[in-house]
Amino acid sequence: MTPQLEIQIIAVIVAIACSIPGVFLVLRSMAMMSDAITHTILLGIVGAYFIVFDLSSPVLIIGAAVVGLLTVYLVELLNSTKLLSEDSAIGVVFPLLFSIAIIIISKYASSVHLDTDSVLLGELAFAPFNRMVIGSVDIGAKAIYSMGTILLINLVLVIVFFKELKLATFDKGLAAVLGFSPILVHYGLMTSVSVTAVGAFEAVGSILVIAFMVGPPISAYLITNNLKKMLVLSGIIGAVNAVAGYQIAEFFDVSIAGCMAAVTGLTFMLVFVFAPKRGIITIMRRRKYQEIDFAAKTMLFHVYNHEGNENEYIENGIVSICNHLNWQKDFLERIVMRLKIDNYIIETNGIFKLTDEGREYTVRSYEEIVAQ
């Protein structure tokens, strides 16, 4: 297996592993919590390192998970006072814990391969050099197996606890009534986020972890409302972003992690604009349609209201309608053209009358509005 292929495999595994808990973070409106956790767990890594003095020890993952949960607890503790919003609490806790880790590293671990540049930016190009050797057999890059294990754990947890995660995410009250513990599910999810982040730390850095944990899920959220489809689609988008980012980075000879993060952002922007149901273009078209539809019904109500009155030929004339509805003549012409196409009105010498079909539609529309 070539180093280039190993790099892409690692990136795809990291992207999918991060997207799984990321979906629930996005749905819980806790996307920025991933930013806080992926930085503050550095304190857990540093603390665990000074206990075992081994960067490859699993104790580092435990330390990172503990600090990740501590971050969540402190943020919720501050938020529960009602004196700070959640984003303000994150803004206090995240810099505090992260800066403590940076101070400790610069003071006591300057000679250890645990630098802030590696933590923040990562370098996928170096991942293939850290090999997994069993006996005397080299079986590939260590990151493939470490992140592969984390990916498998995340998949198993979501499959086994899918019902609990879904209920605790969308309706905490119902989850509690049915006997599930929303708090336990919440902290279990935060533990998964912490473990996933520390597993991807050395290979891709925290910036790319945040990008993969938020970008693909939020892109998938704009495309579908189905949770299962969102999980699958998020993983697919993350994998495509990882491969595309690597190919662009190799072509231009630039940062791999930077390109992957940029592609993730670009993918989101494309989905944000062109998503079939929630994209900006779709929303603008829908609002335009609603504006025209509302104006058409308003005119139909006006004409219907004055039918049979002695002033019908005045009130349902072009000038009177423009004055009463405060419309410009060109806008009235657009509405009239649509109503004529639908065969709802007819015009005779500048006076508008409802057709039988138009009268039936007007009455039905009025009844629907009243019923609401």
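The figures follow:
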| read-out | value |
| --- | --- |
| Normalised contact order of the chain, rounded percent, pairs of Cα under 8 Å and 6 or more residues apart | 20 |
| Mean projection area, nm², convex hull over Cα of the stretch 226-372 | 14.0 |
| Rel. contact order, % - alpha carbon contacts under 8 angstrom, at least six apart, the stretch 185-324 | 18 |
| D_trans [Stokes-Einstein, Kirkwood Rh over alpha-carbon pairs] for the stretch 134-202, 20 °C, 1.002 mPa s, µm² s⁻¹ | 155 |
| Choice from VAL52, VAL158, VAL12 with maximal GNM fluctuation in the chain (Cα, 10 Å cutoff) | VAL52 |
| Given LYS142/LYS163; LYS297/LYS353; LYS288/LYS340; LYS166/LYS277; LYS172/LYS277, the pairs whose alpha carbons are separated by over 25 Å | LYS142/LYS163; LYS172/LYS277 |
| Cα pair distances of the stretch 180-235 binned at 10 Å [whole percent] | 23, 38, 37, 3 |
| Calculated SAXS-style log₁₀ I(q)/I(0) at q = 0.14 Å⁻¹ - the chain, Debye, Cα scatterers | -1.10 |
| Cα radius of gyration and Dmax for the stretch 147-243 (Å) | 14.2, 44 |
| Computed over the stretch 249-356: relative contact order in percent, which uses C-alpha pairs under 8 Å that are six or more apart | 18 |
| Under the Debye formula (equal points on every Cα, no solvent term), log10 I(q)/I(0) of the stretch 300-366 at q = 0.24, 0.27 Å⁻¹ | -1.12, -1.37 |
| Helix 356-371 axis, angle to the chain major axis (alpha carbon atoms, nearest 10°) | 50 |
| Helical contribution to [θ] at 222 nm, DSSP H n ≥ 4, -39,500 (n - 2.57), averaged over the chain, rounded to 500 | -26000 deg cm²/dmol |
| Linear extension gain, LEU184 paired with GLU347, 0.36 nm per residue minus alpha-carbon span | 51.9 nm |
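Every read-out reported here was derived from the displayed coordinates using simple, explicitly stated rules and does not represent laboratory data. All values reported here derive from a predicted model rather than from experimental measurement.
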